[in-house]
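What follows is a short report on a single structure.
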Amino acid sequence: MRLWKTILAATVLALATGTSAFAARTDLVIGIPLEPPHLDPTAGAAAAIDEVLYANVFEGLTRIGPKGEVLPDLAESWTISDDGKTYTFKLRTGVKFHDGTEFDANDVKFSLDRARADNSVNAQKGLFAAIDKVDVIDPATVKVTLKNPQGSFLYNMGWGDAVIVAPETADTNKEKPIGTGPFKFQNWAKGSSITLVKSDNYWGSPASLDKAEFRIVPDAAAYVPALLSGDIQAFPFFDADSVAQVKDDPRFKVVIGSTEGETILSINNKKPPFDKLQVRQAISYALDRKAIIDGASAGLGQPIGSHMSPANKDYVDLTGRYPHDVAKAKELLKEAGLENGFKATLKLPPPAYARLGGEIIASELRDVGIDLEIIPVEWAQWLDQVFTKKDYDLTIVSHTEPNDIDIYSRKDYYFNYDNPAFDKVIADLNLTSDEAKRKELLGQAQKILADDAVVGFLFELPKVGVWDAKLQGLWENAPIQANDLTKVKWSD
Amino acid sequence: MTAYLLKRLAIAIATLVLASMVVFAVLEVLPGDPARLMLGLNASADQVELLRNQMGLNAPLGLRYLRWAGGLLSLDFGRSYTYSVPVIDLVRERLAVSLPLALIALALSTIIAIPVGLFSASRRGRAGDTVAMGAAQLGVAVPNFWFALMLIYVFAVWLRLVPAGGFPGWGAGVWPALKSLLLPAVALALPQAAILARVTRSALIEVLNEDYIRTARAKGLPYRAVLWRHALRNAMIPVLTILGLQFAFLLAGTIIIENVFYLPGLGRLVFQAITQRDLIVVESVVMLLVAAVIAVNLVVDLSYAVVDPRLRSRQ
C-alpha cells in the first residue's frame, strides 16, 4: 500500500500544473462511436465518413438541411426544364478548394461523371442512375440532362456520396480529403481522432470554431466519464441507456431528436410460411410496439406503421393498422392452417436495438404460438447470410438511409417482396416532381406496405444527443447522418 | 547451451510456419465480405464484385496464401482492405501505444506482486498473509473494466489529474502521452499483480519446505538472506512463466481496457479489423503476435537456463 501512496503523491505533484480554463472557446471535441475506414464520402457507405466530413469539409451542388430540406450549396440556384429532364445549375463563384485551386463547372462534371462511371465504386451509385449527360456551359453553369424526370434528383445531389471533388485530389481524398467546406482536414491519428481546422478561404460565412476534433470512443461505458471530465464536450449520437446519468445535470443538454432510421422486423416474404399474408399480419398483430420501444430504445423511439419517418412531410400515420391483439393474431394463424404455431429463426445483428428488441419480440411471438430461435450474428455475417444470401426467416435492422421506401420495389432485395402494384407506384413516383402528386403517391406506397404487412414496422430510431449546455448549433435531428459544425459555437 | 538454443529456435520456426497456415485457413472461411461491408446496403451485386476485383479478393486461395506468406518473409505485411494503407504502418502506430502500455503494466505488476508474494510466503498462515491473499483474491475476481471505470471516476472525473481516456500521441510530448497511459496501466496491472503474487507465494512456500532451506537455516544464515538468495531464486521458474504469458496477454489481449479508455491499441485494431473483415490486417497482426509470443517464450526458456544451471547442462 505504501507504493500506492507514493504513486498517488507523485501523480498529484506532477499534475499540479495541469489544466487551465479558457474564456471564449473556439475549439470542440466531439465523441463518435465508430472510426471511418477512410475519409472519402464518395467511396464508402460507412456513416462515420459523413459524420466527420459532410458539410464540414465537403460540399455538394445541394445540401440537406437540419430539417431534411434541400438547400442550395455550391449551386447558388437552378432551373428545371418543363419536361423535368434538364437541370441547369448556376454555380457560386470565387469558391476555392482547400489546396488553393479554383472550383468551377469542370469539377462538377468530373465529380458526377466519376460517380456514375462503369468502374465507379460509389456506394450510392443509384443516386446518379438517372443522369444521361453532364455539360459544362461556362465555368459557372452546368447542365445536367436526365434520362427521365426524377422527382428526388435535387435531394439526391445533397447526399454525402454526391459531394464535389477536384480531379487533382480525388484519388487521395481517402487519406487527405480536400473539399470546399468551411473546415479543412488537418490530421488523422488512426484509431484515435480526426482533427479539422477552420478554412481561411471559405466562400460563405466562416465557421465560429477554429478547431474541431472528432474523437473515437467505441465503448458506451466511456461516454459519461468523458463528458464529466470535460475531455469531450459533445456526443451527437449518445447511448440511450446512459441518458439517465446526465439528464439532470445542468452542465449538459440532452436533446432527443429523430433519425431516418426505420427500425423493422424484416420478414423473408418468399419463405414459407411467411409467404402467406395472414402469417405476416398475425406477426404485426402480435407485436406490442410500446413494450418494444421501452425495451429497445429506452422509451425514446417513435412508433411507425409503415416505412416512413414521422418527421417526414409525407408521413401517413398507419400505427393503428395493426393494434396489439393476441386473439386476432391467433385467429389469422388458424386461417393460415397454423393453429398449432410453428418454429422460425430470428437473426440479430449487434446493435442494442436489435439484441434487446429481439428478446421482447421473441416473447411476444411466443404468446401467439410462434417459437423463435434467436441467433446473434455480427455485421459481416448479417450482410453475408441475411442481406446477400437471404438465408433467414426474421431479422431486426434499422434502415437508416433517408427516403428509402423504394427499397421494397428493388428486385432481389432481401425482403423477397414482390408486388407489381407497389412497383408501379414507385415507378410513377420517380417520374413525378409535382409536390402534391408525390405526397399522394408516397401515401399510397406507405399504405400498400402496411396492408401487405411486408415487415413488422417497429419504431423510428431516436437520435439522442448530449452536449455541453453552453454549446449551440448542433443538429437536433438527423435527417441524414452528419455532424454539421458550420453553425456551431460556444455561448459566453 | 548451443544445442539447447538451436533446438528452441527450430521449434520456434516450425511453430511460426504452422501458425501461418492455420491462421490463414481459419480466417478465410469466416463468412462475410469486406467489399459488401464497405459499400453498404444500397450497392448492387455488380458493384460489390467490382470492388472485390479491385481489392484482389477474387484470386484463388492458395495463390493468396503464397502471396501473403511470401510477403511476410520479406517483412511486407500487405495492405489493409479498409484503410488501404500498408498493414505495417497501422501496426507501428498501434504498437506505439500497446508496447509502452504493456511494459508499464508489467513493471507495475512485478513491482507489486513480488514483494507481496515474499511477504505472504514468509508469514504463511498469519494475519498479514490472510489480508494480502484476500486482497489478491479480490484483485483476480474484480472485472478489470469495472475497476477501470472506478479509476476514471476517481482520478479523471473527481480529481481531474489525468484524462478520462484517449491518447494524444507521443508527438504531443512524453508526459501527456504517459499521463494518458497511467490509469489503463494500473487497471491492467492490478489483476495481473494479484495472479502473480499468488503464484510467487505458492512457489516460495513449496521451496521453503525443501531440505536445502533447512540446511541453509541450520548453518546459521539469517531468514531474510535465505528467503532472497535461496528461496526466491529457486521459485523464479513458475513466476517467469506467468510473466511471459502476461506480457503476451498485455500486448494484444487488452481490448476491453483499450475500449474503456478509448486507446488506439493493437487489440482494438484487430477487433475492428475482424468486424470489418479486413482479413489481411487480422492475419498479419495475429502472425506478429504469434511471433512475439514465441519470442517471449524463447526468452523465458533461456532465462530458465540462467536461473537454473541444471537446465543448461541437461540439454
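The values are calculated or read from the model by the stated rules, or taken from the named source; none is laboratory data. Since the structure is predicted, the reported quantities are computational estimates derived from the model, not experimental observations. Cβ placement follows ideal geometry from the backbone for every residue including glycine, while neighbour counts extend to all protein chains displayed.
Only one of B:Gly244, B:Gly253, B:Gly265 is within 14 Å of chain A (Cβ to nearest Cβ) and within 26 Å of B:Val140 (Cα to Cα). Can you tell me which?
B:Gly265
Looking only at the stretch A:194-219, filter to residues that are hydroxyl-bearing (Ser, Thr, Tyr) and away from every other protein chain (no Cβ under 14 Å); which one of those is surrounded by the fewest Cβ atoms within 10 Å (Cβ to Cβ)? Please lay out each step first, then the result.
The initial filter retains those residues of the stretch A:194-219 that are hydroxyl-bearing (Ser, Thr, Tyr), namely A:195, A:199, A:202, A:205, A:208.
Checking which are away from every other protein chain (no Cβ under 14 Å) leaves us with A:199, A:202, A:205, A:208.
Values: A:Ser199: 21, A:Tyr202: 19, A:Ser205: 9, A:Ser208: 18.
Per the criteria, the residue is A:Ser205.
Can you name the residue in the stretch A:99-113 that is under 27 Å from A:Ala48 (Cβ atoms) and in contact (Cβ under 8 Å) with a residue 60 or more places away in the chain and, of all such residues, is nearest to the other protein chains (Cβ to nearest Cβ)?
A:Ser111
Condition check: within 14 Å of another protein chain (Cβ to nearest Cβ) and either among the polar types (S, T, N, Q) or crowded, with 24+ Cβ neighbours inside 10 Å (or both). Does A:Val163 satisfy that?
It is false that A:Val163 is within 14 Å of another protein chain (Cβ to nearest Cβ) and either among the polar types (S, T, N, Q) or crowded, with 24+ Cβ neighbours inside 10 Å (or both).
Just name the residue that is farthest from A:Val121 (Cα to Cα) out of those in the stretch B:33-50 that are at the interface with another protein chain (Cβ under 8 Å from one of its Cβ atoms) and of a type in the set (D, E, K, R).
For the stretch B:33-50, the residue satisfying everything is B:Asp33.
When you go through (1) surrounded by fewer than 17 Cβ atoms within 10 Å (Cβ to Cβ); (2) at pLDDT 85 or above one by one for B:Gln54, which number turns out not to apply?
All conditions are met except number (2).
Taking the conditions exactly as written (surrounded by 17 or more Cβ atoms within 10 Å (Cβ to Cβ) and free of Cβ contacts under 8 Å to residues at least 60 places away in the same chain), does A:Pro272 satisfy them or not? Reasoning before the result, please.
Working: surrounded by 17 or more Cβ atoms within 10 Å (Cβ to Cβ): no; free of Cβ contacts under 8 Å to residues at least 60 places away in the same chain: yes.
No: the conditions fail for A:Pro272.
Within the group B:Ala14, B:Ala113, B:Ala107, which residue is at pLDDT 90 or above, within 30 Å of B:Val186 (Cα to Cα) and surrounded by fewer than 15 Cβ atoms within 10 Å (Cβ to Cβ)? Spell out the reasoning first.
Working: B:Ala14 fails: within 30 Å of B:Val186 (Cα to Cα); B:Ala113 fails: surrounded by fewer than 15 Cβ atoms within 10 Å (Cβ to Cβ).
So the residue among B:Ala14, B:Ala113, B:Ala107 that is at pLDDT 90 or above, within 30 Å of B:Val186 (Cα to Cα) and surrounded by fewer than 15 Cβ atoms within 10 Å (Cβ to Cβ) is B:Ala107.
Evaluate the following for A:Ala244: is it under 25 Å from the mean Cα position of the chain (by Cα), over 30 Å from A:Asn173 (Cβ atoms) and at the interface with another protein chain (Cβ under 10 Å from one of its Cβ atoms)?
Values: under 25 Å from the mean Cα position of the chain (by Cα): yes; over 30 Å from A:Asn173 (Cβ atoms): yes; at the interface with another protein chain (Cβ under 10 Å from one of its Cβ atoms): no.
In short, no.
With within 11 Å of another protein chain (Cβ to nearest Cβ), at pLDDT 85 or above and in a helix (DSSP H, G or I) as the only criterion, which of B:Ala216, B:Ala231, B:Ala273, B:Ala291 stands out?
B:Ala273
Determine if the stretch A:198-206 includes at least one residue that is over 16 Å from A:Lys96 (Cα atoms), modelled with pLDDT of 95 or more and either of a type outside the set (D, E, K, R) or not assigned by TED's automatic domain parsing to the domain that holds A:Pro351 (or both).
Here is the first cut: in the stretch A:198-206, the ones over 16 Å from A:Lys96 (Cα atoms) are none.
Within the stretch A:198-206 (the criterion being over 16 Å from A:Lys96 (Cα atoms), modelled with pLDDT of 95 or more and either of a type outside the set (D, E, K, R) or not assigned by TED's automatic domain parsing to the domain that holds A:Pro351 (or both)), the answer is no, since none of the residues qualifies.
Out of (1) part of a helix (DSSP H, G or I); (2) more than 14 Å from chain A (Cβ to nearest Cβ), the odd one out for B:Val281 is which?
(2)
With the requirement that a residue be surrounded by 20 or more Cβ atoms within 10 Å (Cβ to Cβ) and of a type outside the set (A, V, I, L, M, F, W, C), what does the stretch A:103-123 give you?
Within the stretch A:103-123, A:Asp107, A:Ser111, A:Asn122 qualify.
Looking at A:Val377, A:Val316, A:Val326, A:Val386, can you tell me which residue is within 14 Å of another protein chain (Cβ to nearest Cβ), touching a helix residue (DSSP H, G or I) at 6+ places or on another chain (Cβ under 8 Å) and of a type outside the set (Gly, Ala, Ser)?
One residue alone meets the criteria, A:Val377.
Kindly provide the set of residues from the stretch A:372-403 that are in a strand (DSSP E or B) and either hydroxyl-bearing (Ser, Thr, Tyr) or more than 19 Å from the chain's Cα centre (by Cα) (or both), ordered by number.
Residues satisfying the conditions are A:Leu372, A:Glu373, A:Ile374, A:Ile375, A:Pro376, A:Leu394, A:Thr395, A:Ser398.
Restricting attention to the stretch B:1-32, and to residues there that are more than 14 Å from every other protein chain (Cβ to nearest Cβ) and of a type in the set (Gly, Ala, Ser), which single residue is farthest from the chain's Cα centre (by Cα)?
Step by step, filter the stretch B:1-32, then rank; the result is B:Ala3.
Scan the stretch A:332-368 residue by residue and report those that are surrounded by 15 or more Cβ atoms within 10 Å (Cβ to Cβ), more than 13 Å from A:Asp288 (Cα to Cα) and either without any contact (Cβ under 8 Å) to a residue 24 or more places away in the chain or not assigned by TED's automatic domain parsing to the domain that holds A:Asp384 (or both).
Once the filter is applied, which keeps residues that are surrounded by 15 or more Cβ atoms within 10 Å (Cβ to Cβ), more than 13 Å from A:Asp288 (Cα to Cα) and either without any contact (Cβ under 8 Å) to a residue 24 or more places away in the chain or not assigned by TED's automatic domain parsing to the domain that holds A:Asp384 (or both), the stretch A:332-368 yields only A:Arg355.
Restricting to the stretch A:389-400, what's the tally of residues that are touching a helix residue (DSSP H, G or I) at 6+ places or on another chain (Cβ under 9 Å) and either closer than 14 Å to A:Ala45 by Cβ or in contact (Cβ under 8 Å) with a residue 40 or more places away in the chain (or both)?
8
Which residues, taken from the stretch B:119-177, are facing chain A (nearest Cβ under 10 Å) and aromatic (Phe, Trp, Tyr)?
The answer is B:Phe145, B:Trp146, B:Tyr153, B:Phe155, B:Trp158, B:Phe167, B:Trp175.
All but one of (1) crowded, with 17+ Cβ neighbours inside 10 Å; (2) in contact with a Pro (Cβ under 9 Å, 6 or more places away or on another chain); (3) of a type outside the set (D, E, K, R) hold for B:Val48; state the number of the condition that does not hold.
(2)
Can you pull out every residue in the stretch A:114-132 that is more than 12 Å from chain B (Cβ to nearest Cβ) and over 23 Å from the mean Cα position of the chain (by Cα)?
Selection gives A:Arg114, A:Ile131, A:Asp132.
Assuming A:Phe415 fulfils every condition listed in (1) part of a loop (DSSP other than H, G, I, E, B); (2) modelled with pLDDT under 95 apart from one, which condition is it?
Answer for A:Phe415: the failing condition is (2).
Could you tell me whether any residue of the stretch A:186-193 is in contact (Cβ under 8 Å) with a residue 24 or more places away in the chain, buried (at least 22 other Cβ atoms within 10 Å of the Cβ) and assigned by TED's automatic domain parsing to the domain that holds A:Phe58?
So far as the stretch A:186-193 goes, no, none of its residues is in contact (Cβ under 8 Å) with a residue 24 or more places away in the chain, buried (at least 22 other Cβ atoms within 10 Å of the Cβ) and assigned by TED's automatic domain parsing to the domain that holds A:Phe58.
Scan the stretch A:418-431 residue by residue and report those that are over 28 Å from A:Asp50 (Cβ atoms) and either within 23 Å of the chain's Cα centre (by Cα) or not in a helix (DSSP H, G or I) (or both).
Hits for the stretch A:418-431 are A:Asp418, A:Asn419, A:Leu431.
Checking B:Leu196 against (1) free of Cβ contacts under 8 Å to residues at least 40 places away in the same chain; (2) more than 11 Å from every other protein chain (Cβ to nearest Cβ), which test does it fail?
(1)
Being at the interface with chain A (Cβ under 8 Å from one of its Cβ atoms), in a helix (DSSP H, G or I) and within 15 Å of B:Val282 (Cα to Cα) is the requirement here; does B:Leu72 meet it?
no
Restricting the search to the stretch A:337-353, which residues are small (Gly, Ala, Ser) and modelled with pLDDT of 95 or more? Break it down into steps so the answer makes sense when it comes.
Restricting attention to the stretch A:337-353, the residues satisfying the condition of being small (Gly, Ala, Ser) are A:337, A:341, A:344, A:352.
Result: A:Ala344, single match.
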